[in-house]
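To start, the structure itself, in structure tokens.
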Amino acid sequence: MLELVIISTLNGVLYGMLLFLMASGLTLIFSMMGVLNFAHASFYMLGAFFGFQISQWLGFWPAFVVAPVLVGAIGALVERYGLRNVHRHGHVAELLFTFGLAFVIEEVVQMIWGKVPVDYRVPPSLDFSAFTVFTTTYPAYKMFELLTAIAIFAVLLAVLTKTRVGLIIQAALTHPNMVAMLGHNVPRVFMLVFGVGTGLAAVAGVIAGPAFVTQSNMAAVLGPILFVVIVVGGLGSLSGAFVASLLIGLVQTFAVSVNYSVSDLFAGIGFSPASGTILHDLWEVTLAQIAPIIPYLMLVLILIFRPTGLLGKRET
Amino acid sequence: MTDAAKIGMRTAQPADWLGMARRYGAWLLLAAAFAVLPKIFASGTAHTMMSLMGIMIVFALSYNMLLGETGLLSFGHAVYYGLGGFLAVHAMNTVARDALPVPVFLIPLVGGFSGLLFGIVFGSVSTRRGGTAFAMISLGLGELVASSSLILRSFFGGEEGFSTNRTKLFRVFDLSFGPQLQVYYLIAAWCLICMVAMYALTRTPFGRMCNAVRDNPERAQFVGYNPYMVRFIAFCLAGLFAGIAGGPAAINFELVNASVVAAQSGTVLLAAYVGGIGNFIGPVIGAILVTYLQVMLSDVTEIWQLYFGLLFIGMVMFAPGGIAGLIFMHEPLWHAGAYRALFGRLIPAYLLALIPGLMALVGLILVIEMTFRLMVKASEGTRMSFFGVPLDAAGAAAWIAAAVMLVGGFYLFRRTWPFVADAWQHAHGEMQRARRSAA
């Protein structure tokens, strides 16, 4: 039991940190431009596929650096030549633009790499077990993912709170007009944030690709969860996104490892609804089976009972 | 519709035949068209496609009640369409099993009723706020229902879904609804009823309040209306019509499947937006176009969804009013009687721009198709056929031709813009003169 708890906690924190790598960019972009970037998970997917392709040509470490930079550059271009033009049509148009972009990116990825998963493997230099908990060995690659995510989190926090650029970004979140009056190029700041945000998502893609499955539907699977994270944490709140990422990471990881259902609870009484009914379905479903819908339940509950999110200040 | 026409409508007396004709003529024409169309396009494929179009028209119009009329962007509208479809299938199976006296053409009512019911349940939690919050909740609810379809197997039937047989139901007038043509007329009748109902709804004070809540919820509140209530009612009604669309879909396919239905949330958004959300006719155009492309384009190329996405992005960036918006842009010219400028200058200018534009488009498609052939279909060889022209995707000639068409076409297209802008200015000048002389 303790073994399960330790391993699940490690996996949950790791999943949560990966979610945060993406959610941080998404929430920064949202609070700055008011745009919910529907295509954010698509940049994560591009990161994974670029990482795969470049590691085929040059090896994993160059890919680890080059892929996020490339994706970040694509992100910046999308902001400069796409989103900025759509901006005058209003927020709905911006949201729809990113929605269409997610659609197109998925199709392009399918066009280039096909629909089946690509063979993106853990690099040999990291393919060993880091330590053993009771009987389970924990792979070093997962520790590498965890450390990378934590390091990026630390750098991001330092840049945002301690540097001049960070101060301008923070100011532009709340008072973009005033920042522009003071002579800063606010559109360029937006472009920068969009590029860095998508680049961070790509980092998550490069390191998560070998651990999960690198496939053309990975954006569609992860995208909605990212929205859950930033809404549950509170739109625009970086610390909220952090808390919510860890929360959802842990909840989902623990849920899939628990195989209990309501029928187990009532097994002693011997009561069970007739099979073939909806009640019977609900009765027999295990916690592991409902793991995929837990985030969405959380989203709906949060939006009903605490629309500002856990740590957010503004109403969604 | 111009102001003059609106006034004409309001003052029309029941005995005023001209007013009656003006008011109902378009609908009578539409009904006649629905009746005659399967005789003109008599093939089985055409009947199937027109059935699909009818379903999509109702679904897209119900979506536009949210997005276009009330300003609610929903990413989960297929929930009500799908639940309507599932309950319709269950109802059909129950009717067939217990031999209840319910004919198949009343089944869409079951779909509509379930759409309304779930609209009330989900609407009460999701319409408290508009804008981004609503979009997020609709997305969450859509994902929630989609993923619970794998848990509630006795209702959703897991991955296979549920099937039914429309011919086993109670028969009236000896109609079996076996042939596709009968199904088409069933769908066309429901489509016409729903179109009339939804159009009438936009003309009621409630429809106007929906527009007010879309444009400025705060001021709507000052006038004494609760925006939450207006959104909620609009949401429920949109659910109702989406559910009605789900009923004919169940009758048409005789099958419902949760994963197929879930994908419709995106399709209906695409259809409504590409057609144009600012006009009632927009989603109708979009539904017809999108269904046509889905059926025809998927035969021609495997990557039709990419073109679909590019079309959508292009629309969002350059024509946010959709196809209907582009057409109705010219309505003032038409009504002012500036026909000479419209047909003599503006349309020739469009045609002039269209030629290099099409050239660039063909170049782009060629680049995409050749890339697709080289990257994914490499095992089938590099020889391919493009609009009936045989070419070699690995050869330099084809790539050079594609690049010339793309770059040259785009350059010439940009060069023709001044002509179009000039013609537009000219037409507007003539319109103003016509208006002044009329005054």
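The values are calculated or read from the model by the stated rules, or taken from the named source; none is laboratory data. What you see is a predicted model, and the numbers here were worked out from it, not measured in a lab. Glycine gets a Cβ as well: all are built from the backbone with ideal geometry, and neighbour counts include every protein chain shown.
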- [ ] Give just the number: which of (1) out of contact with any Lys or Arg (no Cβ under 6 Å at 6 or more places or on another chain); (2) within 14 Å of chain A (Cβ to nearest Cβ) does B:Leu361 not satisfy?
- [x] (2)
Task: Any chance B:Tyr199 is surrounded by 15 or more Cβ atoms within 10 Å (Cβ to Cβ), in the same structural domain as B:Ser51 (by TED's automatic domain parsing), over 20 Å from the mean Cα position of the chain (by Cα) and among the hydroxyl-bearing types (Ser, Thr, Tyr) - done: no
Open item on the list: Let me confirm something: among B:Val290, B:Val295, B:Val274, B:Val268, which residue is more than 14 Å from chain A (Cβ to nearest Cβ) and aliphatic (A, V, I, L, M)?
Closed with: B:Val295
TODO: Being more than 9 Å from chain B (Cβ to nearest Cβ), part of a loop (DSSP other than H, G, I, E, B), surrounded by 12 or more Cβ atoms within 10 Å (Cβ to Cβ) and modelled with pLDDT of 65 or more is the filter here, so list the residues in region A:274-316 that pass it.
DONE: A:Arg306, A:Thr308, A:Gly309, A:Leu310, A:Leu311, A:Gly312
TODO: Could you check B:Phe312 against (1) surrounded by fewer than 19 Cβ atoms within 10 Å (Cβ to Cβ); (2) within 10 Å of chain A (Cβ to nearest Cβ); (3) in contact (Cβ under 8 Å) with a residue 40 or more places away in the chain and say which number it fails?
DONE: (1)
Open item on the list: Residues that are closer than 26 Å to B:Ile187 by Cβ and in contact with an Asp or Glu (Cβ under 9 Å, 6 or more places away or on another chain): does region B:290-300 have at least one?
Closed with: no
TODO: Being more than 30 Å from B:Ala438 (Cα to Cα) and free of Cβ contacts under 8 Å to residues at least 40 places away in the same chain narrows it down to one of B:Met317, B:Met329, so name that one.
DONE: B:Met317
- [ ] Could you please let me know if B:Ala42 is free of Cβ contacts under 8 Å to residues at least 40 places away in the same chain, farther than 30 Å from B:Thr127 by Cβ, out of contact with any Pro (no Cβ under 8 Å at 6 or more places or on another chain) and not in a helix (DSSP H, G or I)?
- [x] yes
Task: Condition check for B:Leu366: outside the structural domain of B:Ala272 (by TED's automatic domain parsing), touching a strand residue (DSSP E or B) at 6+ places or on another chain (Cβ under 7 Å) and not in a helix (DSSP H, G or I) - done: no
Task: Index of the failed condition, B:Ala360 passing every other in (1) of a type in the set (Gly, Ala, Ser); (2) modelled with pLDDT under 85; (3) buried (at least 17 other Cβ atoms within 10 Å of the Cβ) - done: (2)
- [ ] Please indicate, with yes or no, whether at least one residue in region A:81-97 is closer than 26 Å to A:Leu126 by Cα and not small (Gly, Ala, Ser).
- [x] no
Task: Members of region B:267-291 found to be buried (at least 22 other Cβ atoms within 10 Å of the Cβ) and small (Gly, Ala, Ser), listed by number - done: B:Ala271, B:Ala272, B:Gly275, B:Gly276, B:Gly282, B:Gly286, B:Ala287
- [ ] Hey, could you check region B:252-282 for residues that are at pLDDT 85 or above and among the aromatic types (Phe, Trp, Tyr) and say which is nearest to B:Gly71 (Cα to Cα)?
- [x] B:Tyr273
- [ ] Scan (1) away from chain B (no Cβ under 14 Å); (2) of a type in the set (Gly, Ala, Ser); (3) within 19 Å of the chain's Cα centre (by Cα) for the single condition A:Gly59 breaks and write down its number.
- [x] (3)
Open item on the list: Take the conditions closer than 30 Å to B:Gly322 by Cα, at pLDDT below 85 and surrounded by 23 or more Cβ atoms within 10 Å (Cβ to Cβ) and apply them to A:Leu36. Does it pass?
Closed with: yes
Open item on the list: Among the residues that make up region A:93-103, is at least one of them hydroxyl-bearing (Ser, Thr, Tyr) and more than 16 Å from A:Gly34 (Cβ to Cβ)?
Closed with: no
TODO: Hey, can you tell me all the residues within region B:143-161 that are in contact (Cβ under 8 Å) with a residue 60 or more places away in the chain and within 7 Å of another protein chain (Cβ to nearest Cβ)?
DONE: B:Glu143, B:Phe155
Task: Residue identified as touching a residue at least 60 places away in the same chain (Cβ under 8 Å), hydrophobic (A, V, I, L, M, F, W, C) and in contact with a Leu (Cβ under 8 Å, 6 or more places away or on another chain) among A:Val66, A:Val109 - done: A:Val109
TODO: State which residue is nearest to B:Tyr307 (Cα to Cα) when the search covers only region B:364-377 and only residues that are at the interface with another protein chain (Cβ under 10 Å from one of its Cβ atoms) and of a type in the set (Val, Ile, Thr).
DONE: B:Ile368
- [ ] Looking only at region B:226-239, decide whether some residue is assigned by TED's automatic domain parsing to the domain that holds B:Ser114, part of a loop (DSSP other than H, G, I, E, B) and hydroxyl-bearing (Ser, Thr, Tyr).
- [x] no
TODO: State whether the residues of region B:424-434 include one that is closer than 20 Å to B:Leu297 by Cβ and either within 14 Å of another protein chain (Cβ to nearest Cβ) or at pLDDT 80 or above (or both).
DONE: no
- [ ] Within region B:326-352, work out how many residues are at pLDDT 80 or above, of a type outside the set (A, V, I, L, M, F, W, C) and not in a helix (DSSP H, G or I).
- [x] 1
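This table checks each residue for (1) away from chain B (no Cβ under 14 Å); (2) in contact with an Asp or Glu (Cβ under 9 Å, 6 or more places away or on another chain); (3) part of a helix (DSSP H, G or I).
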residue	(1), (2), (3)
A:Leu70	yes, no, yes
A:Ala73	yes, no, yes
A:Gly82	no, no, yes
A:His87	no, yes, yes
A:Ala102	no, no, yes
A:Val108	no, no, yes
A:Glu145	yes, no, yes
A:Ala154	yes, no, yes
TODO: Determine whether A:Ser239 is part of a loop (DSSP other than H, G, I, E, B) and surrounded by fewer than 23 Cβ atoms within 10 Å (Cβ to Cβ).
DONE: no
TODO: Name every residue in region A:234-248 that is touching a Phe, Trp or Tyr at 6+ places or on another chain (Cβ under 7 Å) and either of a type in the set (Phe, Trp, Tyr) or at pLDDT below 90 (or both), in order of residue number.
DONE: A:Leu235, A:Gly236, A:Ala241, A:Phe242
TODO: Scan (1) in contact with a helix residue (DSSP H, G or I) (Cβ under 9 Å, 6 or more places away or on another chain); (2) modelled with pLDDT of 65 or more; (3) not aliphatic (A, V, I, L, M) for the single condition A:Asp264 breaks and write down its number.
DONE: (1)
